[in-house]
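**Q** To start, I am sharing the structure in question, which I have written as structure tokens.
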Amino acid sequence: MPEIRHSVCALDCPDACSLLVQVEEGRGTKLKGNPAHPVTRGFLCGKVTRYLEREYSPDRLLHPLKRAGAKGEGKFTRISWDEALDTIAARLKRVAQEWGPEAVLPYSYAGSMGLLNASGMDRRFFHRIGASRLDRTICASAGAAGLTQTQGYRYGVAPEDFVHSRLIIAWGANVLTTNVHLWPFIVEARRAGAKFIVIDPHRNKTAQTADQHQFINPGSDKALALGMMHVLFRDGLEDADYLSRYATGVEELRDLAREYTPERVAVWTGINPDTIIELAREYANTRPAVIRLNYGVQRNPNGGTAVQAITMLPVITGAWRELGGGMQLSTSQAFTLDRPALEMPELQQRSALGREARLVNMSRLGHALTELDSPPVKALVVYCSNPGAVAPDQVRVQAGLAREDLFTVVLEQFQTDTADYADIVLPSTTFLEHTDLYTAYGHYHLQLARPALPAPGETKSNVEVFQLLARRMGLEDSCLYESEDQMVRTLLASGHPHLEGITLERLDAEHSVRLRLPDPFLPFAEGGFGGPDGKARLEPAGLAYVPAPESRFGTEKGTYPLELITPKAHDAMNSTFSYQDELDAETSVVWLHAADAAARGIGSGDAVRLFNGRGEVRARAMVDGMTAPGVAAMPAVRWPKRSENRAGVNTLITDRLTDLGGGATFYSCLIQVERCAE
Ligand SMILES: Nc1nc2c(c(=O)[nH]1)N[C@H]1C(S)=C(S)[C@@H](COP(=O)(O)OP(=O)(O)OC[C@H]3O[C@@H](n4cnc5c(=O)[nH]c(N)nc54)[C@H](O)[C@@H]3O)O[C@H]1N2
Ligand SMILES: Nc1nc2c(c(=O)[nH]1)N[C@H]1C(S)=C(S)[C@@H](COP(=O)(O)OP(=O)(O)OC[C@H]3O[C@@H](n4cnc5c(=O)[nH]c(N)nc54)[C@H](O)[C@@H]3O)O[C@H]1N2
Ligand code: SF4
Ligand SMILES: [Mo]
């Protein structure tokens, strides 16, 4: 009889699915979505349905390796864990002695969302040695800053409550691809009569199913939000009572919005003035109305304030009053775990540095590796991320990784581009093989996973690796050797009411527990925002719309007239699955508008080169109405090493940062496209 074990999908996805793993004779034979979980509801996305192929892939890294060829060449020989750990410990010590501990840079993101493995023992280890701190900005920091600026808290409408909505706007949110467990709730709402509108420069899978898809020029969402506000205030569609009780800065915002006439906004957004008026009226008059905002909106220089402005809309109309009304960008802040007690930043005081270490922005890794001094980065330790593929300014990232004097350690499951540049590669467990605790950014259920499958070969979890390294470096602090269970207990002990009654024992028994939130959860129905007296902040400082230089309305247009966005590929998880041939095909196409293609003599299927001042990328053209004129889209993220000249799409992307939150601006990029030889 097959045994069924519980797990949690650790991938960087708002859904954080509850998994059932079918195990026969110690081997996983099937993965299913847990039917008892209120958001997973018995199904998984396509990529994780097939995750056991990854689990048992012949390409899985199973042993520690040391570099045997040039950096980037990908030649390695097998070594023992002892040799690997001794080499790393000795080198980190030497770097710290010669250059100061800040010459060590950890680099990680959300390859796993597990708290212990991605932001637990690793943080303690690096804090204790005084390494540089990493500002983790590559995905969501602009949106988080914008959202927090207006709302104060990163809460949103629960996915289960979307069924009550009668107008759902997916704004820069490709729900069917990146957040598929929201979809059944949207379907249910639509059956009950809800209208579904998509605002997106790309006619993605979600847009194709919408009642209305509105193309918008990349990076112009703040202008659209201001244009909608213009109409709301002009036509008296604001909820004056809600605003007077629960918001500050209303009059200044009203003044600013007055300047954003639909005619003016139409020029930037490419949306007809009548459509803007209709959208604003429909949004105010249909109740409950919910905006599913996602991170596509904030990957441009106006991204943080775009989110800030969009977040003001449900405050202005009082949409938060009703169940199924309001907005969802993230639910993450409701998980009020004791993160400082897990990460222990105070350990920095006990390091050789003796103070808080410098902060290095991960979205500017190329700069950090090639230009940073006092001290320069001399040792890089990468885990849960593949910056050689996913980081902007790829040419400089590669140049940095290729530095002979840089010592690079990569903890990985697969031989990524980044691993190709490593001096030492350490084989990592997958989420099916280690213990971890999971929050979510698209629902309110906290989950614990225990190993469902044995760790193959000599793979180890990040928690164990950082403990082993601490031991080799002679660090004696007991917190570096704490058990996983103790770390979970520490996280749960924040004393916050949302965690009341949630214990390790209960998580072990139930696997998934809903946070203790009021039921129904109407987070801002009566204020409760983060501003003074629980008010939302509508002060418009910094909200005026100025097109980014790298946009079609900016100053850099000319030689590079097309605006490129690189949104998520349907079967991908950033670069995690990009060793697969099918995915390689899916991520090497570029969608062009028919007029742009015709003007360049390009037809569907032609080989093309995409280029700008930073470099050149090859792709295959698809000409099929998927983008507005002037906009090109290339799904991300291909492994650069599978491309011509190792030039992945991020070769084209600048390391300019967003206006708030210091985020990466992946979806703000001007290029030219030409046909080229096969
Ligand atoms: N299948 C799949 N799922 C994923 C991922 C994946 O790689 N593949 N990645 C995961 C990660 S890391 C994240 S952060 C989430 C992200 O989830 P989403 O934010 O939903 O995904 P994106 O593709 O980044 O952007 C969403 C949409 O925004 C559009 N967009 C781009 N620029 C603009 C703009 O300026 N304005 C507007 N209105 N729309 C714009 C894109 O065309 C895209 O359709 O998805 C997660 N889930
Ligand atoms: N052009 C372009 N670039 C982008 C984006 C885009 O849309 N367009 N999206 C951006 C966004 S939103 C994000 S979030 C980033 C994502 O960038 P990354 O965080 O680098 O995500 P992945 O590319 O999925 O790589 C994660 C790696 O972690 C490894 N991993 C998984 N679990 C574990 C573990 O438990 N231990 C260890 N040691 N390793 C593990 C996986 O094998 C995988 O290689 O990419 C960004 N880059
Ligand atoms: S990637 Fe997202 S949708 Fe797919 S199984 Fe994981 S959490 Fe669920
Ligand atoms: Mo992301």
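**Q** Would you point out which residue out of GLU188, GLU238 is at negative phi, out of contact with any Ser or Thr (no Cβ under 9 Å at 6 or more places or on another chain) and not basic (Lys, Arg)?
**A** None of the others qualify; the one that does is GLU188.
**Q** Tell me the residue from ILE88, ILE138, ILE169 that is at pLDDT 95 or above, open to solvent by less than 10 Å² (accessible area, probe 1.4 Å), away from ligand 3 (no atom under 16 Å from the Cβ) and under 30 Å from ALA541 (Cα atoms), please.
**A** On the way: ILE88 fails: under 30 Å from ALA541 (Cα atoms); ILE138 fails: open to solvent by less than 10 Å² (accessible area, probe 1.4 Å).
Step by step, each of ILE88, ILE138, ILE169 is checked, and only ILE169 is at pLDDT 95 or above, open to solvent by less than 10 Å² (accessible area, probe 1.4 Å), away from ligand 3 (no atom under 16 Å from the Cβ) and under 30 Å from ALA541 (Cα atoms).
**Q** Can you name the condition, by its number, that ILE602 falls short on among (1) within 16 Å of ligand 2 (Cβ to nearest atom); (2) at pLDDT 95 or above?
**A** (1)
**Q** Among the residues that make up the range 275-298, is at least one of them in contact with a strand residue (DSSP E or B) (Cβ under 8 Å, 6 or more places away or on another chain), open to solvent by 40 Å² or more (accessible area, probe 1.4 Å) and acidic (Asp, Glu)?
**A** Yes, because at least one residue in the range 275-298 is in contact with a strand residue (DSSP E or B) (Cβ under 8 Å, 6 or more places away or on another chain), open to solvent by 40 Å² or more (accessible area, probe 1.4 Å) and acidic (Asp, Glu).
**Q** When you go through PHE185, PHE126 one by one, which is the residue that is open to solvent by less than 20 Å² (accessible area, probe 1.4 Å), aromatic (Phe, Trp, Tyr) and not assigned by TED's automatic domain parsing to the domain that holds GLN214?
**A** PHE126
**Q** Select from the range 294-309 the residues that are out of contact with any Asp or Glu (no Cβ under 9 Å at 6 or more places or on another chain) and outside any helix (DSSP H, G or I) and write down the one among them that is nearest to ligand 2 (Cβ to nearest atom).
**A** So the residue we want is ARG299.
**Q** Same structure, new question: Taking the conditions exactly as written (in the same structural domain as TYR579 (by TED's automatic domain parsing) and free of Cβ contacts under 8 Å to residues at least 40 places away in the same chain), does GLY603 satisfy them or not?
**A** When the stated conditions are applied, GLY603 passes them.
**Q** Kindly evaluate LEU176 against the criterion of being surrounded by fewer than 23 Cβ atoms within 10 Å (Cβ to Cβ), closer than 30 Å to VAL377 by Cα and away from ligand 4 (no atom under 16 Å from the Cβ). Before the answer, list the steps.
**A** Details: surrounded by fewer than 23 Cβ atoms within 10 Å (Cβ to Cβ): yes; closer than 30 Å to VAL377 by Cα: no; away from ligand 4 (no atom under 16 Å from the Cβ): yes.
No; evaluated as a whole, the condition is false for this residue.
**Q** Which of the numbered conditions does THR555 fail, given that it passes all the others? Conditions: (1) out of contact with any Gly (no Cβ under 7 Å at 6 or more places or on another chain); (2) under 24 Å from PHE414 (Cα atoms); (3) open to solvent by 10 Å² or more (accessible area, probe 1.4 Å).
**A** Answer for THR555: the failing condition is (2).
**Q** Also, I was wondering about something else. Could you name every one of the strands (runs of 3 or more DSSP E) located completely within the range 587-637 that has at least 2 residues being over 12 Å from THR566 (Cα atoms)?
**A** Ranges flagged: 607-612, 615-623.
For (1) within 16 Å of ligand 3 (Cβ to nearest atom); (2) surrounded by fewer than 22 Cβ atoms within 10 Å (Cβ to Cβ), each residue gets a yes or a no:
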site	(1), (2)
LYS93	no, yes
ALA96	no, no
PRO106	no, no
SER112	yes, no
ALA131	no, no
ALA145	no, no
THR148	no, yes
PRO159	yes, no
SER165	no, no
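**Q** Related question: May I ask you to list the residues in the range 66-96 that are under 23 Å from ALA131 (Cβ atoms) and of a type in the set (A, V, I, L, M)?
**A** ALA84, LEU85, ILE88, ALA89, ALA90, LEU92, VAL95, ALA96
**Q** Okay, moving on. In the range 7-55, what residues are in a strand (DSSP E or B), crowded, with 20+ Cβ neighbours inside 10 Å and within 27 Å of the chain's Cα centre (by Cα)?
**A** SER7, VAL8, SER18, LEU19, LEU20, VAL21, LEU31, GLY33, listed by residue number.
**Q** In addition: In the range 231-265, what residues are part of a helix (DSSP H, G or I), closer than 25 Å to GLU563 by Cβ and open to solvent by less than 20 Å² (accessible area, probe 1.4 Å)?
**A** Step one: filter the range 231-265 for residues part of a helix (DSSP H, G or I), giving 231-234, 240-246, 250-258, 262-265.
Checking which are closer than 25 Å to GLU563 by Cβ leaves us with 262-265.
Those that are part of a helix (DSSP H, G or I), closer than 25 Å to GLU563 by Cβ and open to solvent by less than 20 Å² (accessible area, probe 1.4 Å): PRO262, VAL265.
**Q** If you don't mind, another one. Can you find a residue that is surrounded by fewer than 22 Cβ atoms within 10 Å (Cβ to Cβ), free of Cβ contacts under 8 Å to residues at least 40 places away in the same chain and farther than 17 Å from ALA628 by Cα anywhere in the range 567-575?
**A** Looking for residues that are surrounded by fewer than 22 Cβ atoms within 10 Å (Cβ to Cβ), free of Cβ contacts under 8 Å to residues at least 40 places away in the same chain and farther than 17 Å from ALA628 by Cα, one finds none in the range 567-575, hence no.
The values are calculated or read from the model by the stated rules, or taken from the named source; none is laboratory data. On a predicted model such as this, the values are computed, not experimentally measured, just so you know. Every residue, glycine as well, gets a Cβ built from its backbone with ideal geometry; the counts of neighbours run over all protein chains shown. The protein model used for the area step is the full one, side chains on, heavy atoms only, and it has no ligands, DNA or RNA in it. Shrake-Rupley method; radii C 1.70, N 1.55, O 1.52, S 1.80 Å.
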